[in-house]
Amino acid sequence: MKKTLLLLFYIQFSFVFFSGKALADGPVVRVSAKPGWILPCKPYDKKPSARDINNGAYAELIEEQVNVEAKATYNHVITQIVSESGVQNNSEISVSFDPSYEQLYFHEIIVWRDNRPQSRLNSSAFKMLADESEFNEFIYNGTYTANYILADIRKGDRIEYSYTVTGANPIFGNKFCRSIYLQGADLIAHQYTTLIYPVNRTLNMRAFNLLSQPKVSTARGLRRYEWEDFQVPGVPANKFAPKWFNQFARVQVSEFNNWADVVAWGLKINPVQTDFTGGLADTVAKLKKLYANDREKYFRASVTLVQNGIRYMGIETGEYSHKANLPEKVYEQRYGDCKDKSLLLASILNYGGIEAHMALLNSDLEDKIENFIPSAILFNHAVVVATINGKQVWVDATMANQGGKGMDIYFPPYGEALILKAGNSGLAKIRETKTGKIVCVERFDIKDEYSPVKFNVTTTYTLDEADDTRDHIASTGLAKIEKGYLDYYSKTFTKIEAADSLIVKDNQAKNKLTTIERYTIHDFFKHDTVARKYSADFYASDIADQLPGINGQINTPVSVSYPYTVDYTTDIYMSDGSGWDIADDHYAINRSTYKFQKDKTVKDDKLSLHYQFAYLQDYVPQDKIAEFKQDIKDLKDDKLSFNFFYTPDINKVPFKINQLMLVITVLVLFVCGYWGLKIYKTETKEGVYYDRNYYAPPLGGWLIVLIIVIVLTALRNVKYLADEGYYSVSKWDLFTIGISSLVNRILLIFETMGYVALTCFAAFCLVLIFKKRDIAPRLIKGYYLFMVIFLFVDYFFNSYVNGKFSNYDVEQIIQAVVVAAIWTYYLNVSTRVRETFVVPYPN
């Protein structure tokens, strides 16, 4: 907070210093009558259709009259409020001006209510606010906004005000140049604009998207252009359109006759210097002595000095909006904007015998600047172009931490520039430099569904991507970047933690930078409680972030992040040896403005997802938007995502006993033992009276087979419970979320109780058989009946829970019914059974 306050104080102090006497009393609003030179504007009272009105109000009149000779611009605005939302959005008047060379005069502020005027003009009610719109870009432009908040505004009011701004920036040497807009973002019922200038001055004009042709007249030595239109439709905002795409009706006006005039103007206000004083003189002398025989090294040392040694900060007030500060001053204060740093660099290079010039360009218009007439206000950026050993090199002095050696330096694709070189009379094509790319490799090492997953990310940046990343690291700091990376992955993996610090390997000579990230992910898989499987999802979000979210009808070109090239790989290793039951796949999109490729390959325990994406130019043409939208949908919905299901082998998972199942088994054993003992000791009279003179025949014949079948059935039940992991926590943890999970766990408990009860029942039957008890045949038949009923109930319970019927379970039921029928028949008809099982209780 203290730093912010000091910065604001410094900016305010600098503003006063550069503004001179014009700011002796601070920026003020003056009150005056309307200027006498304005042309009459005929009234127009036709209201627009209600469906065309936005935000509860509309502009009844937008009037602007420009007097070139008087250096004055008159504005007259009438706003009609039609709803309460219009009150909220239109109860404030704001006018911006630069008090270092402009003065603001208000003529009237009237609120019309019930066709009665209420004068609201009060100069002391204006609040002067410094323009902070470019503070976040480290630029202070010296403009102020006169802000007037209107009280008591109601639905149905008409707000009318007029003002005049006088003065012109002296940096243009009394040459007039500006763009006059004849259309706004919202509907204008009546638009009236004039341009008045002496006939002995030549003004060049170029019109764009005009709704009607101007009326031109001459009177008293003045030429007058009048543009008047009615019910002017608004131009809706479009965040997807390139910055150079402008659909507004407008007129560009310039008193510069050709590009040579602009070059002469630029050289006059920003001449390259080679005679230095102070610390700068000492520094360049050392550079020249150190690299006297190697111009490439001198060039690169000079670039590094200005790019990294002079921070970016612009005090662009008054004439310094276009004029650079002296190189000595910029060097001593260690800050400057693009023109300050460019003039400093060009001067240092010329001192070392390298021909270098400032060049002006427009980073928004790029090569579209050739569609405009020559003008000094077309440019928003300054760079340097140098010639070394016969080779032309472009340098952006505002970029920092650029890698490479000698003349190998990246320069953005700005398209065209105006080189400030004597004799130059046209725009120059900028040689495009080789662009870099991002190569990202993600590696997931998966041991099993429980162990933490090792997640490593290696990202390599080259050329311009390395420059951007290097600068980002230098300005942000590794600790903050590490946190940002971790936060980014946390959106996908909620239980991720850093396993090591971020590693950065920077080869500045090759302009190649690599970052290595290491993480550990807990609870990596998601549970599918229905399919009893684990699943994982992967998404190439880095590519998805570069795809604009186009929606609705787009009738303009769409801007994209050119240059952008990424090579993105996700490698997934399954170390449990289960392998991948996935086929290789290839998919590609090749368009004139972008391309995409996806390859899915499997080799041994590795599944590799390889994506490649690149933009080939900075916008997608309007006639290709429908195709672009469909490609974006296909990529985001399907091609950038991948998911797989993983069914673990329970036998390979470290066993951990399920305490709940163990308790349930003990309870079932106790209940079965209790009832078994109770049944065994129940007095019976069914068998032959037992005495010492009667001996039951020994066990033999089919009874031996029956004993074997019962033993094997019991052992199979025990083996089934063990093999299927009923006593393992891993089996229980397959079901963790929702009602389906609860039902599945109830099913596990039911099956465990059933198979344990069947095993106990089988053991009890074997005891009865060996004791030759008279109740043995009846209980053996009951055992088989219980088995059939249990399998039937379990079958339908399983089918209800999982939503499908199992053929295997049907076979088990059929087999149980057949076995039960066979042995029940045998027990009913066998003489050996009747003679063998004769011992009652008590014996």
Exercise. Between Gln815 and His472, with labels modelled 7 Å along Cα→Cβ, what's the label distance in nm to one decimal, could you check?
Key: 6.1 nm
Exercise. Kindly sort Met313, Met128 by accessible area of their heavy atoms, largest first, with the probe set to 1.4 Å.
Key: Met128, Met313
Quiz item: How far is it, in nm, from the label point at Val663 to the one at Asn54 when both lie 7 Å from their Cα along the line to the Cβ?
Solution: 6.7 nm
Quiz item: Between Trp112 and Ala285, 0.36 nm times their residue separation minus their Cα-Cα distance comes to what?
Solution: 55.3 nm
Quiz item: Over the heavy atoms of Leu742, what accessible area does a 1.4 Å probe trace out, to the nearest 10 Å²?
Solution: 100 Å²
Exercise. Assuming R0 = 41 Å, can you tell me the calculated FRET efficiency for the pair Val235 and Ala583, based on Cβ-Cβ distance, to the nearest 0.05?
Key: 0.20
Exercise. Convert each backbone phi in the range 769-780 into a coupling constant with the Karplus relation 6.51 cos²θ - 1.76 cosθ + 1.60 (shift: θ = phi - 60°), then list the ³J(HN,Hα) values in order as whole Hz, x for Gly and Pro.
Key: 5, 5, 7, 6, 5, 5, 8, 4, x, 5, 6, 5
Self-check item: Listed residues Thr73, His586, Asn717: farthest to the positive end of the dipole of the chain (Cβ charges)
Solution: Asn717
Quiz item: Which percent of the accessible heavy-atom area of the range 139-222 goes to carbon and sulfur, probe 1.4 angstrom?
Solution: 50 percent
Exercise. Report the local net charge at Asp367: Lys and Arg +1, Asp and Glu -1, summed over other residues whose C-beta lies under 9 Å from its C-beta.
Key: -1
Quiz item: Pulled fully out, how much extra length does the chain show between Lys606 and Thr277, if you take 0.36 nm times their separation in residues and subtract their Cα-Cα distance?
Solution: 111.9 nm
Quiz prompt | HN-Hα J in Hz across the range 622-628 - Karplus 6.51, -1.76, 1.60, θ = phi - 60°, x for Gly and Pro | solution = 4, 6, 10, 5, 4, 5, 5
Self-check item: Rh by Kirkwood over Cα pairs, then Stokes-Einstein D for the range 484-528 at 1.567 mPa s and 4 °C, µm²/s
Solution: 105 µm²/s
Quiz item: In whole Hz, what ³J(HN,Hα) sequence does the range 477-491 give by Karplus (6.51, -1.76, 1.60; θ = phi - 60°), x for Gly and Pro?
Solution: x, 5, 4, 5, 5, 4, 5, x, 4, 5, 4, 4, 6, 5, 5
Quiz item: The list [x] 114, 81, 55; [y] 92, 73, 58; [z] 153, 83, 51 gives values of Cα extents along the principal axes in Å, and only one came from this structure; which label was calculated from it?
Solution: [z]
Quiz prompt | Förster radius 41 Å - calculated FRET efficiency between Phe245 and Arg334, Cβ distance, rounded to 0.05 | solution = 0.60
Quiz item: Which order do peptides 484-492, 637-645 fall in by mean Cβ count within 10 Å, highest first?
Solution: 637-645, 484-492
Exercise. Could you work out how far the C-alpha centroid of the range 196-272 sits from that of the range 311-338, in angstrom?
Key: 29 Å
Quiz item: Once both axes come from the Cα atoms, what is the angle between helix 278-290 and the longest principal axis of the chain, in degrees from 0 to 90, rounded to 10?
Solution: 70 degrees
Quiz prompt | Positive minus negative residues near Lys629 (Lys, Arg vs Asp, Glu; Cβ under 13 Å) | solution = -1
Quiz item: In terms of modelled amide H atoms, which long-range or inter-chain residues lie less than 5 Å from the amide H of His381?
Solution: Leu361, Ser363
Quiz prompt | FRET efficiency estimate (nearest 0.05) - Cβ-Cβ, Lys771 to Tyr646, R0 56 angstrom | solution = 0.65
Quiz item: What nm distance separates the two modelled labels at Lys480 and Lys71, each placed 7 Å from Cα along Cα→Cβ?
Solution: 4.3 nm
Quiz item: What residues from the range 108-123 fall in the zone where the backbone N is under 16 Å from a label point 7 Å along the Cα-to-C-beta line of Arg30?
Solution: 108, 123
Quiz prompt | Exposure of Lys526 as accessible area (Å², to 10), given a probe of 1.4 Å and all protein chains | solution = 120 Å²
Quiz item: Taking the Cβ of Gly173 as the center, what net charge do the other residues with Cβ under 14 Å away carry, scoring Lys and Arg +1 and Asp and Glu -1?
Solution: +2
Quiz item: By average Cβ neighbour count within 10 Å, what is the ranking of 365-377, 454-466 from highest down?
Solution: 454-466, 365-377
Quiz item: Carbon and sulfur atoms: what percent of the 1.4 Å accessible area of the range 226-278 do they account for?
Solution: 54 percent
Quiz item: Of the lysine pairs in the range 260-354, how many meet both conditions: Cα atoms under 12 Å apart, and a spacing of 8 or more in sequence or different chains?
Solution: 6
Quiz item: Where only protein heavy atoms count, and the probe is 1.4 Å, what is the accessible area per residue for the range 232-326 in Å²?
Solution: 48 Å²
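The values are calculated or read from the model by the stated rules, or taken from the named source; none is laboratory data. Predicted model, so just to flag it, every value in this text is computed and none were measured. So basically every Cβ, Gly included, is an ideal-geometry build from the backbone, and we count neighbours across all protein chains shown. Surface areas here come from the heavy atoms of the whole protein model, side chains and all, with no ligands, DNA or RNA. Shrake-Rupley method; radii C 1.70, N 1.55, O 1.52, S 1.80 Å.
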